[in-house]
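Enquirer: What follows is a structure written as structure tokens; I'll ask about it next.
The values are calculated or read from the model by the stated rules, or taken from the named source; none is laboratory data. Just so we're clear, the structure is a prediction, and the values are computed from it rather than from any experiment. Here Cβ is always computed from backbone atoms with ideal geometry, including for glycine, and neighbour counts include all displayed protein chains. Side chains included, ligands, DNA and RNA excluded: accessible areas come from the protein's heavy atoms. Shrake-Rupley method; radii C 1.70, N 1.55, O 1.52, S 1.80 Å.
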Amino acid sequence: MSDLLDLARTIALEAGELAARRRREGVEIAATKSTIVDVVTEADREVERLILDRIREARPDDGVLGEEGASVPGSSGLAWVVDPIDGTVNYLYGLPHYAVSIAIVELPEGGGDPDPLTWTSKVGVVLNPASGELFTAEVGAGAFCGDRRLHVGEPVSLDLALVATGFAYAASTRAFQGDVVARLLPQVRDIRRQGTASLDLCFVADGRYDAYFERTLSPWDHAAGALIAREAGARVTGMRGAAPSRDFILAAEPSVAAALEALLDELGEFEDF
Ligand code: LIP
């Protein structure tokens, strides 16, 4: 395990303990963001502050991009992309399916803000504090859940595929996404919507889902999970072969990914909304 992965893992474990402790103590909405259902809790903010402090202590020249406002330009060429509590609504409701997601990415020449269209992922760590499952990956070194090596599921026809997805916080976007899913549902084994993109990507890596796709994700939602899925043998792509981004992300065993991408295109998933 490289020093970078070890550091990210150690920070995630400490952050996960804080998140779980605050959950036990009781959680309330601190503010809303893009819409009335896009919420942030004080725990989100406190966990991000802890992660930021630990990164700055250990690697002061690295950049940091966090969901709750952490934005630190670096000079090292590396940036940390952090979702302190992914699956915030699950966390708010006490559902044991949320995650601390930490990625370390290499920025292109010239630096700039971390952008999933231009960064190169190096390290990914996703911890579910409620289950204790710690998913990790380092580029070229495979993906793991604890010490167990992860492998994407076997090829499967779409009518037997368990497909996960998620929905935006904006009602108009959700209406569009719901229409696509309604047309997809009769053509796959079943749909799962568990509310935490980073864990959805890890579940593809572990063969617990045959595929996952979503639109409108933020960079911190998928930065770590995308590397974990890719290192487990999944194809992880954006729209029409681009890199994953807010536009679209899909992760699956490569033949399943190709079939699902073609079907989603037919169902209108790639249209503007
Ligand atoms: C969540 C994602 C999830 C998506 C939710 C939300 P958050 O991130 O992980 O996949 O469907 O709408 O965006 O807001 O909990 O960090």
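Enquirer: Pairs please, first residue from the stretch 148-176 and more than 24 Å from I228 (Cβ to Cβ), second anywhere and in a helix (DSSP H, G or I) and of a type outside the set (K, R), Cβ atoms under 8 Å, 6+ apart in sequence or on different chains.
Expert: S157/A259; D159/Q187
Enquirer: Can you list the helices (runs of 4 or more DSSP H) lying wholly within the stretch 144-241 that have 1 or more residues being of a type in the set (S, T, N, Q)?
Expert: Passing ranges, in order: 171-184, 197-205.
Enquirer: V105: within 15 Å of the chain's Cα centre (by Cα) and within 16 Å of the ligand (Cβ to nearest atom), yes or no?
Expert: Taking the combined requirement at face value, the residue does not satisfy it.
Enquirer: Of L134, L92, which residue is touching a Leu at 6+ places or on another chain (Cβ under 7 Å), outside any loop (DSSP other than H, G, I, E, B) and either farther than 29 Å from A259 by Cα or within 16 Å of the ligand (Cβ to nearest atom) (or both)? I'd like the intermediate steps shown before the answer.
Expert: Values: L92 fails: touching a Leu at 6+ places or on another chain (Cβ under 7 Å).
L134 is the lone residue from the list that is touching a Leu at 6+ places or on another chain (Cβ under 7 Å), outside any loop (DSSP other than H, G, I, E, B) and either farther than 29 Å from A259 by Cα or within 16 Å of the ligand (Cβ to nearest atom) (or both).
Enquirer: Looking at D115, is it under 30 Å from S172 (Cβ atoms), surrounded by 14 or more Cβ atoms within 10 Å (Cβ to Cβ), more than 16 Å from the ligand (Cβ to nearest atom) and not small (G, A, S)?
Expert: Answer is yes for this residue.
Enquirer: Could you pull out the residue among A229, A211 that is open to solvent by less than 10 Å² (accessible area, probe 1.4 Å), under 17 Å from the mean Cα position of the chain (by Cα) and within 24 Å of R9 (Cα to Cα)?
Expert: Selected residue: A229, the only one of A229, A211 that is open to solvent by less than 10 Å² (accessible area, probe 1.4 Å), under 17 Å from the mean Cα position of the chain (by Cα) and within 24 Å of R9 (Cα to Cα).
Enquirer: Looking at T35, T88, can you tell me which residue is touching a helix residue (DSSP H, G or I) at 6+ places or on another chain (Cβ under 8 Å) and modelled with pLDDT under 95? Even if it seems obvious, please write down each step before you answer.
Expert: Values: T88 fails: modelled with pLDDT under 95.
The conditions single out T35.
Enquirer: Got at least one residue in the stretch 237-251 being over 21 Å from T118 (Cβ atoms) and surrounded by fewer than 24 Cβ atoms within 10 Å (Cβ to Cβ)? Explain how you work it out, then say what you get.
Expert: As a first pass, look at the stretch 237-251 and keep what is over 21 Å from T118 (Cβ atoms): none.
No, every residue in the stretch 237-251 fails to be over 21 Å from T118 (Cβ atoms) and surrounded by fewer than 24 Cβ atoms within 10 Å (Cβ to Cβ).
Enquirer: Same structure, new question: A130 is checked against (1) within 22 Å of T237 (Cβ to Cβ); (2) out of contact with any Cys (no Cβ under 8 Å at 6 or more places or on another chain); (3) surrounded by 15 or more Cβ atoms within 10 Å (Cβ to Cβ) and fails just one. What number does that condition carry?
Expert: All conditions are met except number (1).
Enquirer: So which residues in the stretch 73-88 are more than 16 Å from the ligand (Cβ to nearest atom) and touching a Pro at 6+ places or on another chain (Cβ under 6 Å)?
Expert: Residue satisfying the conditions is A79 alone.
Enquirer: Quick check on this structure: which one of V81, V64 is under 17 Å from the mean Cα position of the chain (by Cα) and over 19 Å from P129 (Cα atoms)?
Expert: Residue meeting the stated conditions: V64.
Enquirer: Something else about it: For A170, work out the one condition from (1) open to solvent by less than 40 Å² (accessible area, probe 1.4 Å); (2) under 20 Å from P96 (Cα atoms) it doesn't fulfil.
Expert: (2) is the only condition that A170 fails.
Enquirer: In the stretch 99-112, which residues are open to solvent by less than 10 Å² (accessible area, probe 1.4 Å) and of a type outside the set (A, V, I, L, M, F, W, C)?
Expert: If the condition is that a residue be open to solvent by less than 10 Å² (accessible area, probe 1.4 Å) and of a type outside the set (A, V, I, L, M, F, W, C), then S101 is the only one that fits.
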